Amino acid sequence: CLPGLSRWQRLAAAGLCALLAALCFGLAALYAPLLLLRARKFALLWSLGSLCALAAAALLRGPVLLR
């Protein structure tokens, strides 16, 4: 379904994913001083932020058609 998205829909989705990534990274940074106590929550937020950042980049790049 991704090839059917318009340019503006891709930009909006990528922007939303980038905002979610920034939010997750920001929350993970708040847990950095408590890393020994809340390591699981920090790892989950950091991983989710990375996943959202990769999704934003993939949405901006679009599908690659291989020949």
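Using a 10 angstrom cutoff on alpha carbons, build the Gaussian network for the chain and name the most mobile of 22, 39, 56. Most flexible of the set in this elastic network: 39. Heavy atoms of the protein chains alone define the surface here; on that basis the chain has 81 Å² accessible area per residue at 1.4 Å probe size. Helix 7-30 and the long axis of the chain differ in direction by around 10°, with both axes built from C-alpha atoms.
Taking only the alpha-carbon positions of the chain and ignoring solvent, what does the Debye formula give for the base-10 log of I(q)/I(0) at q = 0.17 Å⁻¹? Once normalised to I(0) and log-transformed, intensities are -0.63.
The values are calculated or read from the model by the stated rules, or taken from the named source; none is laboratory data. Computed from a prediction, not measured in an experiment: that's the story for all the values here. When the accessible area is computed, the model is the full protein with side chains, heavy atoms only, and any ligands, DNA or RNA have been set aside. Shrake-Rupley method; radii C 1.70, N 1.55, O 1.52, S 1.80 Å.
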